[in-house]
Amino acid sequence: MTAQSSGAPTPLALHIARLIEETGPITVSQFMGIALGHPDHGYYMTRDPLGAKGDFITAPEVSQMFGELVGLWLADNWMRQRTDTGSPSPFHLIELGPGRGTLMADALRAMKSVPGMTDTAQIHFVETSPALRAEQEARVPDATWHDRLADVPAGPTFLIANEFFDALPVRQFVKTAQGWCERHVALAEGASTDAPRFAFALSPVPLKDESTIPQGARGAAEGSIAELSPASTAIAQEIATRITGHGGAALIIDYGHARSAAGDTLQAIRGHGFTDPLENPGEADITAHVDFEMIATAAQAGGCATFGPVEQGRFLAEIGIQARAEALARKASPSQARDIETALDRLTAPKQMGSLFKVLGLLPAGAEPPAGFTGS
């Protein structure tokens with residue numbers, strides 16, 4: 001596969017081409033990390049990608065119902081962890097990759113119905129994008145910003161990660177007759193550092209230890225692709241360690257598969273449509289489907305109990321989205337009521353976001369199944 005560049009090369013394409021010329025082909029993970037996070041030209045560092053004028057729309061932007069219900073789920077688990085001295089107080093209310101801050105703003109509005117909760121919440125956003133930080137500050141001015149979860153102080157942790165893990169870099173390995181060889185990005189034949197085009201290439205040396213390949217992919221046929229995200233598993237374990245040590249709860253919501261399996265899920269979105277992941281780096285959102293089995297395993301290694309993953313549609317139904325939609329519709333105009341019904345369908349219908357998106361819950365070891373996961 002070779003990316004066909006359109007128009008003048010992006011500054012990031014020139015940077016990556018020079019890097020490849022100097023060091024040789026780079027891994028898919030390196031390419032993805034540079035394309036999304038380069039401090040000057042990375043996709044997330046230079047724009048607000050959300051909304052009709054951006055490249056994609058996330059669930060919080062579809063309807064206030066999403067953030068409100070997430071907030072109430074966190075509130076319910078905050079109250080469940082009450083001791084003789086009360087619920088955890090103060091506590092860290094954390095969002096990873098908070099977009100425009102819409103989800104947190106909606107969640108906080110819902111949490112105000114729980115006495116004492118918002119008074120003791122210390123709000124933390126883990127966000128590196130200057131453009132998005134500005135949007136978040138406009139909606140949640142009391143937040144504190146961090147580049148990494150590790151920078152958030154220790155303490156009771158109630159956390160949400162909605163469409164965060166899908167943007168973390170993945171390594172890809174291709175099954176060959178010699179074993180699993182890592183997939184790289186190289187300059188395409190005939191390309192130059194002044195007119196770069198990129199193509200996938202394989203490392204000539206297979207993995208010595210195939211135990212890193214997910215169990216569900218190891219028996220795949222030759223030519224199959226397996227994906228790993230060391231960054232994802234490290235962060236999942238870090239979240240779990242915080243909850244294990246200090247109490248709390250976390251919701252991880254993203255698109256992906258419940259069980260590890262072979263498959264190439266690398267994709268790029270630009271202008272609400274799919275595009276070549278290797279074309280015009282820095283101008284498109286590059287993601288991969290989340291392997292929820294690997295995330296859950298990492299969280300369990302951190303000491304947490306995990307629940308799910310369950311489909312987003314089922315989760316939202318169990319925690320009351322239908323009742324919330326009906327309550328909003330009763331106070332709405334006819335056109336607003338139609339919009340509410342459309343949003344409900346988009347968030348929960350199997351052919352919309354309801355099945356592709358999954359929800360994983362993290363709680364301290366020994367916890368009972370929380371709302372939304374009672375049948376999992």
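The values are calculated or read from the model by the stated rules, or taken from the named source; none is laboratory data. Keep in mind the model is a prediction, meaning the values are calculated, not measured. All Cβ positions, even for glycine, are placed from backbone atoms using ideal geometry, and neighbour counts span all protein chains on display. With ligands, DNA and RNA removed, areas are computed over all heavy atoms of the protein, side chains included. Shrake-Rupley method; radii C 1.70, N 1.55, O 1.52, S 1.80 Å.
Remarks
- Only residues that are surrounded by fewer than 23 Cβ atoms within 10 Å (Cβ to Cβ), hydrophobic (A, V, I, L, M, F, W, C) and in contact with a Phe, Trp or Tyr (Cβ under 6 Å, 6 or more places away or on another chain) were counted across the range 205-256, and they come to 2.
- Residue check for residue 324: of a type in the set (Lys, Arg), part of a loop (DSSP other than H, G, I, E, B), in contact with a helix residue (DSSP H, G or I) (Cβ under 7 Å, 6 or more places away or on another chain) and within 30 Å of residue 351 (Cβ to Cβ): no
- Residue selection: residue 157 fails the criterion of being in contact with a Leu (Cβ under 8 Å, 6 or more places away or on another chain) and of a type in the set (Val, Ile, Thr).
- Filter result for residue 157 (surrounded by fewer than 21 Cβ atoms within 10 Å (Cβ to Cβ) and β-branched (Val, Ile, Thr)): no
- Scan the range 190-213 for residues that are under 24 Å from residue 19 (Cβ atoms) and among the charged types (D, E, K, R) and the total you get is 2.
- Residue 108 farther than 30 Å from residue 40 by Cβ, surrounded by 23 or more Cβ atoms within 10 Å (Cβ to Cβ) and of a type in the set (A, V, I, L, M, F, W, C): no
- Test for residue 63: is it under 30 Å from residue 349 (Cβ atoms) and either modelled with pLDDT under 95 or among the aliphatic types (A, V, I, L, M) (or both): yes
- Test: residue in the range 294-306 that is in a loop (DSSP other than H, G, I, E, B), open to solvent by 50 Å² or more (accessible area, probe 1.4 Å) and either basic (Lys, Arg) or in contact (Cβ under 8 Å) with a residue 40 or more places away in the chain (or both): no
- Neighbours by Cβ (under 6 Å, 6+ apart or cross-chain): first from the range 120-131, closer than 14 Å to residue 150 by Cβ; second of a type in the set (Val, Ile, Thr) and open to solvent by less than 20 Å² (accessible area, probe 1.4 Å): 124/94; 124/152
- Of all residues in the range 36-56, those satisfying the criterion of being among the hydrophobic types (A, V, I, L, M, F, W, C) and either at pLDDT below 75 or touching a His at 6+ places or on another chain (Cβ under 9 Å) (or both) are 45, 50, 52, 56.
- Within the option set 163, 137, being charged (D, E, K, R), in contact with a strand residue (DSSP E or B) (Cβ under 9 Å, 6 or more places away or on another chain) and at positive phi holds for one residue only, 163.
- Test for residue 227: is it assigned to a strand (DSSP E or B), within 24 Å of the chain's Cα centre (by Cα) and under 29 Å from residue 284 (Cβ atoms): yes
- Any hit, the range 260-270, residues being more than 18 Å from residue 184 (Cα to Cα) and either crowded, with 22+ Cβ neighbours inside 10 Å or touching a helix residue (DSSP H, G or I) at 6+ places or on another chain (Cβ under 8 Å) (or both): yes
- Looking across the range 176-204, not a single residue is within 18 Å of residue 34 (Cβ to Cβ) and loosely packed, with under 15 Cβ neighbours inside 10 Å.
- Failed condition for residue 260, given (1) more than 30 Å from residue 41 (Cα to Cα); (2) in contact (Cβ under 8 Å) with a residue 60 or more places away in the chain; (3) assigned to a loop (DSSP other than H, G, I, E, B): (2)
- Only one entry of 133, 100, 82, 148 meets the criterion of being touching a helix residue (DSSP H, G or I) at 6+ places or on another chain (Cβ under 7 Å), more than 24 Å from residue 322 (Cβ to Cβ), open to solvent by 10 Å² or more (accessible area, probe 1.4 Å) and among the basic types (Lys, Arg), and that entry is 100.
- Residue match in the range 135-144 (condition: of a type outside the set (D, E, K, R) and over 30 Å from residue 38 (Cα atoms)): no
- Residue match in the range 219-232 (condition: touching a residue at least 40 places away in the same chain (Cβ under 8 Å), in contact with a Leu (Cβ under 9 Å, 6 or more places away or on another chain) and of a type in the set (Ser, Thr, Tyr)): yes
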